[in-house]
1. Determine the sum of side-chain charges near B:Phe228: Lys and Arg each +1, Asp and Glu each -1, restricted to other residues whose C-beta is under 9 angstrom from that of B:Phe228.
2. Just counting partner chain Cβ atoms within 10 Å, what average do the residues of peptide C:59-71 show around their Cβ?
3. From the mean inverse distance of alpha carbon pairs (Kirkwood) and the Cα radius of gyration, derive Rg over Rh for the stretch A:28-95.
4. Going through the stretch C:25-79, which trypsin sites (Lys or Arg not before Pro) have at most 15 other Cβ atoms within 10 Å and a DSSP loop state?
5. How many Cβ atoms of partner chains, on average, are near each residue of B:142-151 if near means within 10 Å of its Cβ?
6. What residues in the stretch B:179-201 lose 40 Å² or more of accessible surface when the other protein chains are added to their chain alone (1.4 Å probe)?
7. Would you calculate, for chain A, the mean residue ellipticity at 222 nm contributed by helices, counting each DSSP H stretch of 4 or more residues as -39,500 (n - 2.57) and dividing by all residues, to the nearest 500?
8. Determine how large the accessible area of C:Thr62 is when every protein chain is in place; take a 1.4 Å probe and give Å² rounded to the nearest 10.
Amino acid sequence: MRTRDCKHICDESSPGIGEAGKTGEWRNSFPMIDQERCTPSRQNKPACFLCWLYCPEAVISKTVPVQINLEYCKGCGICSQVCPVQAITMINEEELHPEEDTQKS
Amino acid sequence: MIAAYPITPQTPLTEKLSEFVEGGELNAEYVAVESEHSALTVCTSASMAGARTFTASSAHGLAYMHEMLHWAAGARLPVVLACVNRAIGAPWNILNDQQDSISQRDTGWIQIYARNNQEILDSVLQAYKIAETVYVPVMVCYDGYVLSHAEMPVAVPSQEDVDKFLPSYQPHTILDPANPKNYNLVTLADPRVNTEGVLCHGYMELRYLLQEALQNSGEVIIRVGQEFAELFGRSYANMFWEDRLADADIVIVAMGSLAMEATVAADMLRVKGHKAGVLGMRVFRPFPKADLLKALKKSRLIVVFDKNISYGSEGATCSEIKSALYGSGVNAVIRNFIVGLGGRDVKAREMADAVTKSLPLLKEGFLNSEYPEWICYI
Amino acid sequence: MNARLHEIRWHGRGGQGAITAAKIVAQAAYLKGYRGITAAPSFGAERRGAPVSASTRISPQTVMVISQVEKPDTVVVLDHTLLKYQEVTSGLDRGGWLVVNSQQHPKELNITGDFNIANADATRVCRELGLIIAGLPVVNTAILGALVHATNVVDMASIEAVIRERFSDSMIDINLAAIMKTFEITKLKKIR
Ligand code: SF4
Ligand code: SF4
């Protein structure tokens, strides 16, 4: 297959998860949601969803409870910044998988 | 959709257009912007949203558009821009030469140069048809003051005929909230597979397609010129204007209004018994290398007059002619004269003199690698 | 109709309307049937009061020459104080016409040259008719009467048609009257 088969004449893509590749590989820290704090979970009904709105990779679901697709979450931390109740904490990947990191170095 | 920022000598054009829009004679949106950069950005955005767009500028204004000129071509948006050719400072100057558009020749735009006011109007109409066929923006260039501020008779075609000639614009991409798309995001070196599993272009493939579009646009330009001739009776089925080239061994090359003056110089040389002809460049990008070779087959002396220069090298038209002739077997002396910068008047007799002065080189021999000569008082 | 190219050069001061005059004559020539016509300002910084020039080229065939006029067939001077500048009559050759707005008789103008002179006091005509804008007599149309009197490039009928087309209703009659009056009072001095 050659690129000509895509029939594009300028760069073109549909907004969607994974359009920029496996962005989960870029992550060095990941967002952890505290469902006890998260408003939709606490009220058990759709609410807030600011993290869903702001996530640049569109990997947060607009569901109760909200879920994050870690295959494509790039670890930017925007969700944790915008959360009005500080329900999202960024956790260092090293802390989670220290042995993996040791192997790398 | 028209977006423009006023700059001398483009102003009569954009003032007239804004009057047309204001008076309801032209069904268009006129966006007054704060800079040329924004003017072209408004045009590219509107073009993506499906509108036919127009802008115009000169000199420093065109230079300020530079970034967006690249963008419009890379995004393959059929914007039409009138460049009213003017010299660029320093020193400050408002008069004509072609340095402004020549400095933008590598931005991926088609460039058409008009010799007179009729050709300006006709070229703009053709520009839309060409641009919207090959999806490459077109710059219609014409000499500031010399043409922009001169009056001459112009046949204005009827709206019905123009509608027959130019169908409505069919965008290749369209910004539509109902069908959201990303256009021209970061596109890295290598191709990538999109979410539907389709292998999509990397940066280089998209740039290849732009070059390919320009390479193939010559045919479209000629076909559109023929269609124009059929409807309006004025033929543009050519990439350059030929005047008495059939038997000419001396060829004068000039672009824009200077190509008309050159025919007067050829008259003068003919009176003296020289077989002189004129090649008036009409389309500078794509540069019509192959056609040019045919037209210059008989030439022994080619004198190229450039109202521009690539400093440290030579006039842009001259470089192109030399590169077209390389290895072609045409063994001509090619002389370059830099003329008319910053509005310096160029007279037919001066052009004829420059040719006459070059004649002995046919016997003495001449290295085509020589730097250009300037017709000035230094 | 002239069979060859006729070149007119206009000299005036910024604000006097030399360029408009050049364009009126171009349009009149078109109405008369010429097809090769250009009218252009000379290209300098044009400021109010500064000497300016313009040109009109008229030919039955397309005009190919676009550089500035070097050898005019006719020179029209809207302001006689410009006659002291040598470039005003430069290139005007035998048989050509110098058309001047001045109070003096052609013989008193103190110009030497191998050309014919047509002279009329267009300024006085404008003053008398009240063709005055911002305190200054507007002589650019009036002087066309002297041009028509002296040369046959354009005629009164086509000039009148252009004035009727270009000017607003209130300005048509006064401009036509100024042109007619100037036509009548024009004095000629032909070379022998
Ligand atoms: S906003 Fe949060 S969920 Fe989205 S990519 Fe960034 S870190 Fe991951
Ligand atoms: S922004 Fe915070 S509170 Fe709102 S939905 Fe996301 S995690 Fe829950």
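The values are calculated or read from the model by the stated rules, or taken from the named source; none is laboratory data. Not measured: the values here are computed from a predicted model. Note that each Cβ is placed from the backbone with ideal geometry, even for glycine, and that neighbours are counted across all protein chains shown. Note: accessible area is taken over every heavy atom of the protein model, side chains too, but ligands, DNA and RNA are not part of it. Shrake-Rupley method; radii C 1.70, N 1.55, O 1.52, S 1.80 Å.
1. Surrounding charge for B:Phe228 is -1.
2. Average per residue, whole number: 6.
3. 0.94
4. When the trypsin sites (Lys or Arg not before Pro) of the stretch C:25-79 are filtered for loop state and at most 15 Cβ neighbours within 10 Å, C:Arg35, C:Arg47 remain.
5. Across the residues of B:142-151, the mean count of other-chain Cβ atoms within 10 Å is 5.
6. The answer is B:Lys181, B:Asn182, B:Arg192, B:Thr195, B:Leu199, B:His201 - residues whose exposure falls by at least 40 Å² when every protein chain is included.
7. After summing the helix terms and dividing by the residues of chain A, the value is -5000 deg cm²/dmol.
8. C:Thr62 has an accessible surface of roughly 100 Å² with all protein chains in place.
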